[in-house]
Every structure is written in structure tokens, then in C-alpha cells.
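*Asks:* Take this structure, written in C-alpha cells, and hold onto it; I'll ask about it next.
The values are calculated or read from the model by the stated rules, or taken from the named source; none is laboratory data. Just so it is clear, the model here is predicted, and its values are computed rather than measured. Note: ideal-geometry Cβ built from the backbone for every residue, glycine included; neighbour counts use all protein chains shown.
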Amino acid sequence: MTTRIERLVTSGQFTLDGGTWDVDNNVWIVGDERDVIVIDAPHDADAIAEAVGDRRLKAIVCTHAHNDHVDAAVALADRTGAPIWLHPDDLPLWKMTHPNREPDEHLADGQVIEAAGADLTVLHTPGHTPGSVCLHDPGLGIVFTGDTLFKGGPGATGRSYSHFPTIIDSIRDRLLILPPETKVLTGHGDSTTIGAEAPHLDEWIARGH
């Protein structure tokens, strides 16, 4: 069976440090006509469940625990029975949104998540948050980067639990070493490639945001 990668955009709000911003989030659904995983579950459990349809949802994998990536995760898990996976370093952020519900499983660097023909290797890429992860499938030539790397640069590091030098280290040491043709599927906005972003590392460092 052919592995499919589907993108759903949901809209809502990101809240942290006393501020609130309107955001559009990418939800990535990876699998085939029988089984899928969902990468990030923001804002609208009904819309995500509708996109999954009658397929079996094997896991809800969180790239990090900012509320705009996990606020629909518990409702989606309760509806489908799928386990929620999160890196443990993001538990403090998770508890801001879901104080009464723990994730079901902890993501670990180097772990491989199988999803109907996809083999997604977990890359721990702290910086945007302590527990941020990316998911790389070399066979498919893709990496899901959450809010670690976007078209045009690294994710934001101006708020609590984030650190600019750390995200630069993560991008340089874990992502820019991937083949340049690797497609970068992001947590917000348009996709890019490793090759398109790699030449700009020094610019990002100089900008220091």
C-alpha cells in the first residue's frame, strides 16, 4: 500500500506568557487507507477526526506541547482511543493546557514510529521548547519539523521555555545534515526543503532572534 501524507489546516489561538495570538496550524495525517497517525492535534478534534475518517488512528504524535499544537489532542484521543505521544521535557507546557491528563507515551530520541509504510525516526530538537521533536523518514524523503524549522528560518524563541542558541544547534546538528532534497513539512505555513534553508544558517545566527 502507498503511504499518503495529508495536510489539514485548523485555526485557533496560541496562548503563552499572558499573550494570545490567532494562528493557523498544519495537521499532518500519515498512513494509508486503513491506518494512520496524526502529527499534532490543534484546535478542532472534529475536523481532524473527519479527515481521518474510518481509518484506524494509531497514534497522536505531538511535535511539542504549546497549546496550539495539543489543545485538541485529548478530545481526539478520547474519541478514537489513540495514544498521545509527547517528549517528557515538554510536560510542564503540556500541563498548562491539560493539567488533569498525562500523555500516554513518551517520545525518545532515535525511536522509530511505524505508520502504514512510513518509518518516522524521532529527532529531539530542543530550542523552540525543551521537548520539541522532528520526525524524519529517509525513505520518503521528508521531515516533519513542527515549530523547529520553517520556510525562512527557525521557530520563535522569544517566550518562556525557549532558547535561541539551542534551536540553532538543533537545526544545524540534526536537520541541516539531512539530504538537501528532504522536504520539510512544518507546523505552520508552507513547506520547504533542507537545501533551500541550509544556506541561510549564518543569516539566522546574525539575526539572533
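*Asks:* Conditions: (1) among the polar types (S, T, N, Q); (2) surrounded by fewer than 16 Cβ atoms within 10 Å (Cβ to Cβ); (3) under 16 Å from the mean Cα position of the chain (by Cα). Thr20 meets all but one. Number of the miss?
*Replies:* (3)
*Asks:* May I pose another question? Within region 1-105, which strands (runs of 3 or more DSSP E) (wholly inside it) include 2 or more residues that are touching a residue at least 60 places away in the same chain (Cβ under 8 Å)?
*Replies:* Hits in region 1-105: 4-16, 19-31, 35-39.
*Asks:* Would you check if Leu123 is closer than 30 Å to Arg34 by Cβ, more than 17 Å from the chain's Cα centre (by Cα) and crowded, with 20+ Cβ neighbours inside 10 Å?
*Replies:* no
*Asks:* If you check every pair at least six apart or on different chains, which have Cβ atoms under 8 Å apart with a residue in region 151-165 that is assigned to a helix (DSSP H, G or I) first and a residue that is hydroxyl-bearing (Ser, Thr, Tyr) second?
*Replies:* Qualifying pairs under 8 Å: Phe164/Thr157.
*Asks:* Let me ask another. State whether the residues of region 98-116 include one that is under 21 Å from Ile194 (Cβ atoms), out of contact with any Gly (no Cβ under 7 Å at 6 or more places or on another chain) and crowded, with 21+ Cβ neighbours inside 10 Å.
*Replies:* no
*Asks:* Then there is this: So for region 127-148 (the condition being assigned to a strand (DSSP E or B), touching a Gly at 6+ places or on another chain (Cβ under 6 Å) and surrounded by 16 or more Cβ atoms within 10 Å (Cβ to Cβ)), does at least one residue qualify?
*Replies:* Yes: region 127-148 contains one or more residues that are assigned to a strand (DSSP E or B), touching a Gly at 6+ places or on another chain (Cβ under 6 Å) and surrounded by 16 or more Cβ atoms within 10 Å (Cβ to Cβ).
*Asks:* Could you check region 43-63 and list, in sequence order, the residues that are more than 25 Å from Gly117 (Cβ to Cβ) and surrounded by 14 or more Cβ atoms within 10 Å (Cβ to Cβ)?
*Replies:* Passing the criteria: His43, Asp44, Ala45.
*Asks:* Right, another one. Checking the conditions here, which among Arg7, Arg101 is modelled with pLDDT of 95 or more and more than 20 Å from Phe150 (Cβ to Cβ)?
*Replies:* Result of the check over Arg7, Arg101: Arg101.
*Asks:* Which residues, taken from region 192-202, are free of Cβ contacts under 8 Å to residues at least 40 places away in the same chain and charged (D, E, K, R)?
*Replies:* Across region 192-202, the qualifying residue is only Asp202.
*Asks:* (1) crowded, with 16+ Cβ neighbours inside 10 Å; (2) on the phi > 0 side of the Ramachandran plot: which one isn't true of Gly208, the others all being true?
*Replies:* Result: Gly208 passes all but (1).
*Asks:* In region 23-42, what count of residues is obtained for those that are closer than 18 Å to Gly81 by Cβ, of a type outside the set (D, E, K, R) and surrounded by fewer than 22 Cβ atoms within 10 Å (Cβ to Cβ)?
*Replies:* 1
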